Amino acid sequence: MNARRIWIALFCLIMCTVGLADTLKLKDGTVLEGKIQEAGDKYWIKLTSGETRMVNKSDVAQKIIGDPKPAVPAAGAPGGAAKPDAGGAAKPPVPSAAGVAGASASFQSTKLKADKVDAPVQAVQLWETFIKKAQGADLAAAKGELEKWDALKKDGAEKINGKWIGGVERKKIVKQAKSMVKEGVKQIEDGQSQAGFKKMEDALKLYPQSFEANFYLGLHYLRKSTYNERARFDLANLDTAIKTLERSTQVAPKCSSAWSNLAIGYTFKNRHQDAIKMAYKAAMMHESEGTVGNLLAVIGRAPPATREQAWAKPIVQAAVAMAGSHGGGEKGFYYLPPAESDEIPGTDNPAGAVWSGSGFFVTDDGYLITNHHVATGEPKTPIDPTVGFRVRMDDGTEKSAELIAVDDAADIAVMKIVPDKPTIPLKIGDYLPDQGAQLLVLGYPATGDDEHTLEISDGTVKSVHEGDEHEVWMNLNTTHGNSGGPIVDADNHVVAILTAGRESFNMTITLGVSAPQIKTFLTKIGDKAPKVVWAPKATTPFDAVKLTKDAKVSTVCVIAVRNAG
């Protein structure tokens, strides 16, 4: 009888043990549940999904044997139920690193990658791409992940010092960091260097992604590093300067001053090729006495063998040409503050966004046209695989966009989204506009508002220059973010793409790529080209209100975002 009771007890113990799952908590926050066995310097774990993994012991923060397996939350809320913030509004669920039972290895891999992003929009891009090919259990779970990350994106959340923070709380942190940097800069200018550096370093600790903190700390450490700019440096300060300036270019890749200052640091470290390329990049973004002066200075300090290399010769020639417009030869280094024309993400920009522009649909299946420099950050530069795109439509809907092609001759690019319903295209005029013709430009310029909003501006054709890089010159009022937007005539036909501006004495000229230039590019890319509708010239009275109503549904905001990984 006693033996029988012992066997029953043992049986119950075995059954209870089988019902318990082992747990590995990794240092990156990932939680793995299943059956664990040691294998030298690794753990072998059979997951509850049936898959197996090998994990380095050095990657494990905690091993728990036999803990009850917690209930798997619904796929739509892996982080648990939404909790109210201080103002009473519900916060989106915080991403969980736990795996999803029954999901494929591809799903788990995507989830691991998504859980490491520092901006929700990056995870949204990942899951939207995954969903295009997902099926069955993977599809349902992926939709839940997408819903979670989309909620975080809409809340404006960002991973700050390892914690997801959004809404009013994030804006408060960003604003406080800016204020601290401003105070620190003033203290340094007033001779209180130690206090000023401390204030900016504290701002960087509060908000590591702060452009202002990285930029000004880098700039002041760059100055501080120089004992004698031709011979002696404080290498620790120089390394700090380069690190923070590099970070500022990642946050604001269209800030010419950040690239120009970074070029100085690279020169001091004898990284002459990098210095010349960065200084040239800055001068092409914003040609000024300072950026051209730094370009000349870094070229002058490079060894002759570097200047004579094939890649450097066109840069040297361009520098000489630009020098003629800015006081001649080299005058030493310029430590530059941000220029007014620099495009710097503001407090209300979505986390992960690096720049934005405009575009317009040309087919009902989601093809759109924008500028080359909206697609790559600068005209005539290669496609950057680390950058992806979001397209926001007039109704607020957002979709990920695929970059189809860019034009090296004119500032044109083609993208495509997969729409939920037919998109409303604009017709493109099969002609050049007449000098003096009235025009309307639509786009999403940087206005400082919480969201990019559609803005319009009307004007006239100043002149037409066939064969020029920009064939249509106009009297129009535009700013950052308008680039890539459609310029329509009275017939609501696209006659140009808004591309650039040029200062000439006291006059500002707005430049556009013409409809014939668009046609040349689309012909050149062949099967990749969308099937656009080319329209003949008509004689319709100009009505800005009607044109806005008809064209705005076709005009989109194009947002460049850092890809995950």
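The values are calculated or read from the model by the stated rules, or taken from the named source; none is laboratory data. Predicted, not measured: the structure shown is a model, and the values here were computed from it. Please note: Cβ atoms are built from the backbone with ideal geometry, for glycine as well, and neighbour counts cover all protein chains shown.
Overview of results
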| item | result |
| --- | --- |
| Given (1) within 30 Å of GLU287 (Cβ to Cβ); (2) crowded, with 24+ Cβ neighbours inside 10 Å, index of the condition VAL174 fails | (1) |
| Residue selected from region 186-209 under the condition within 27 Å of the chain's Cα centre (by Cα) and in a helix (DSSP H, G or I), by the criterion surrounded by the most Cβ atoms within 10 Å (Cβ to Cβ) | MET200 |
| Residues that are closer than 22 Å to GLU33 by Cβ and surrounded by fewer than 23 Cβ atoms within 10 Å (Cβ to Cβ), drawn from region 111-136 | LEU112, LYS113, ASP115, LYS116, GLY136 |
| Count of residues meeting criterion [at pLDDT 95 or above and either outside any loop (DSSP other than H, G, I, E, B) or outside the structural domain of PRO486 (by TED's automatic domain parsing) (or both)] in region 529-544 | 2 |
| Exclusive hit being under 27 Å from LEU511 (Cβ atoms), crowded, with 19+ Cβ neighbours inside 10 Å and either of a type in the set (Phe, Trp, Tyr) or within 22 Å of the chain's Cα centre (by Cα) (or both), set VAL414, VAL387 | VAL414 |
| Options LEU217, LEU206, LEU238: the member that is more than 27 Å from HIS373 (Cβ to Cβ), of a type outside the set (S, T, N, Q) and touching a Gly at 6+ places or on another chain (Cβ under 7 Å) | LEU238 |
| Test: THR499 is at pLDDT below 95 and either of a type in the set (Lys, Arg) or not assigned by TED's automatic domain parsing to the domain that holds HIS286 (or both) | yes |
| Selection status of VAL292, out of contact with any helix residue (DSSP H, G or I) (no Cβ under 6 Å at 6 or more places or on another chain), in a helix (DSSP H, G or I) and either of a type in the set (Val, Ile, Thr) or at pLDDT 95 or above (or both) | no |
| Test: ALA321 is at pLDDT below 95, of a type in the set (Gly, Ala, Ser) and under 30 Å from GLN176 (Cβ atoms) | no |
| Residue ID - nearest to the chain's Cα centre (by Cα), chosen from residues in region 455-493 that are β-branched (Val, Ile, Thr) and closer than 13 Å to ALA437 by Cβ | ILE487 |
| Selection from region 128-145 of residues that are under 24 Å from the mean Cα position of the chain (by Cα) and either under 20 Å from VAL31 (Cβ atoms) or modelled with pLDDT of 95 or more (or both) | ALA142, GLU145 |
| Enumeration of residues in region 118-148 that are closer than 26 Å to GLN209 by Cα, part of a helix (DSSP H, G or I) and of a type in the set (Gly, Ala, Ser) | ALA123 |
| Sole residue being in contact with a Phe, Trp or Tyr (Cβ under 9 Å, 6 or more places away or on another chain), modelled with pLDDT under 90, farther than 23 Å from LYS528 by Cβ and in a loop (DSSP other than H, G, I, E, B), chosen from PRO345, PRO445 | PRO345 |
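Every residue, every condition in (1) closer than 28 Å to VAL513 by Cα; (2) surrounded by 15 or more Cβ atoms within 10 Å (Cβ to Cβ); (3) not small (Gly, Ala, Ser), yes or no:
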{"residue": "MET278", "(1), (2), (3)": "yes, yes, yes"}
{"residue": "ALA282", "(1), (2), (3)": "yes, yes, no"}
{"residue": "TYR334", "(1), (2), (3)": "no, yes, yes"}
{"residue": "GLY352", "(1), (2), (3)": "no, yes, no"}
